[in-house]
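Trainee: What follows is a structure written as structure tokens; I'll ask about it next.
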Amino acid sequence: MNLLVADIGGTNGRFGLVEYDPTNYRSGKINYLASRQITLKCAEYSDMASMIQACCTEFNLPIEYACIAIAGPIENGEAFMTNLNWRFSIEALRNQLKFKKLHVINDFAAHAFAVPFQKEDEFFTLHSGKVNNHCPILVMGPGTGFGMAQLVPQNGGWTVIATEGGHASFAPTNEKELEIKRVLLQQQKHVSVENILSGIGLVNLYKALANIAKTTPKDYSPADVSGKGMANEDAICRDAVLTFLDVLGEVAGDKALSTGARSGIVITGGITARLLDMIPKSNFIERYKNKGPLVDYVNDINIRVVLNDKAALVGSAAWLIHHTPELQS
């Protein structure tokens, strides 16, 4: 049996085909890994249906069950991808694609649900702490946007609570960050966490810091800013990367406090894994712990970074299997 899984962000749609045998469910020998994968550019498609149809044509195999993780909210059977302005009915999409079952979940719900099903060597421990198995795991991180979800223990398994925490307001904590926010407020009415902690957020930081330094910013992409910053080829790019990591630490601490994530923090999304070598050069840990009287609270929380860039596909496969009764024979 072939299961279709996908992770569709603002830029790319990554699709995987999982070969699944339902008889393995009870034994626990479940395969969550996609044997075939393709990546499609979102900009080349007008809507979700045309993109999935192109994927199915490429795989050229019968597909009846699918789980699609998207960057955006899902409410009352309707999904909206904020970065693409795609809105669709899940049931109408299922009928159009002729699937027996179609799950559409938030991309960070997929990242969160992947955590229990990944191997230890697919994580890098950034900060060692205690694990309280009765408390939630916070899954968060920057990518095309900034995602956040909670993984809550329940009845021997896990429940995912997807959030839109990336759209919370960016809260500067020093003079440089106040200046950055002032610059960004000249261009937009609201500066969110996602406006700082994302691919475009790196560019926003670079341009704002160039403005503060009274220099003309170059037309850099997120990869340019991170690459030149890591290689120390451009002082403003490097400052942007270090500021990015400082803010990431601050936000991780804030979100840990507001979610009670004493079972750990997992940072995913791709960008952080690529910037791992820069974290010791930043104030990530200091900013993470900068919580006044609750410094010991956050210091006790374990922080790991996901190294597997296909984690959302694993989470989509696990979600599909564990939320579809007919796949659990």
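Trainee: Kindly indicate which of Asp234, Asp239 is farther than 27 Å from Lys255 by Cβ, out of contact with any Cys (no Cβ under 8 Å at 6 or more places or on another chain), crowded, with 17+ Cβ neighbours inside 10 Å and charged (D, E, K, R).
Mentor: On the way: Asp239 fails: farther than 27 Å from Lys255 by Cβ.
Matching residue, one of Asp234, Asp239: Asp234.
Trainee: Among the residues of the range 18-41, count how many are modelled with pLDDT of 85 or more and basic (Lys, Arg).
Mentor: 2
Trainee: Would you point out the residue of the range 287-299, among those that are over 23 Å from the mean Cα position of the chain (by Cα) and charged (D, E, K, R), that is surrounded by the most Cβ atoms within 10 Å (Cβ to Cβ)?
Mentor: Across the range 287-299, the extreme among qualifying residues is Lys291.
Trainee: Something else: Regarding Phe124, is this residue modelled with pLDDT of 95 or more, touching a Lys or Arg at 6+ places or on another chain (Cβ under 8 Å) and surrounded by 14 or more Cβ atoms within 10 Å (Cβ to Cβ)?
Mentor: Yes: the conditions hold for Phe124.
Trainee: Applying the selection to the range 287-301, what residues are out of contact with any Leu (no Cβ under 9 Å at 6 or more places or on another chain) and either under 14 Å from Ser128 (Cα atoms) or modelled with pLDDT under 95 (or both)?
Mentor: The answer is Lys289, Asp296, Asn299, Asp300.
Trainee: Which condition number in (1) in a helix (DSSP H, G or I); (2) surrounded by 14 or more Cβ atoms within 10 Å (Cβ to Cβ) is the one that Ser50 fails?
Mentor: If we test Ser50 against (1) in a helix (DSSP H, G or I); (2) surrounded by 14 or more Cβ atoms within 10 Å (Cβ to Cβ), just (2) comes out false.
Trainee: Select from the range 240-295 the residues that are in a loop (DSSP other than H, G, I, E, B) and basic (Lys, Arg) and write down the one among them that is nearest to Val203 (Cα to Cα).
Mentor: Here the answer is Lys291.
Trainee: Which residue pairs have Cβ atoms closer than 6 Å, lie 6 or more positions apart in sequence or on different chains, and pair a first residue in the range 202-231 that is over 17 Å from Leu245 (Cα atoms) with a second residue that is outside any loop (DSSP other than H, G, I, E, B) and among the charged types (D, E, K, R)?
Mentor: What qualifies is Ile212/Glu179; Pro217/Lys207.
Trainee: Filter the range 300-329 down to the residues that are surrounded by 16 or more Cβ atoms within 10 Å (Cβ to Cβ) and hydroxyl-bearing (Ser, Thr, Tyr), then identify the one that is nearest to the chain's Cα centre (by Cα).
Mentor: Among them, the one singled out is Ser316.
The values are calculated or read from the model by the stated rules, or taken from the named source; none is laboratory data. Everything numeric in this text was worked out from a predicted model, so none of it was measured. In this analysis, Cβ positions are derived from the backbone assuming ideal geometry, glycine residues included, and neighbour counts consider all displayed protein chains.
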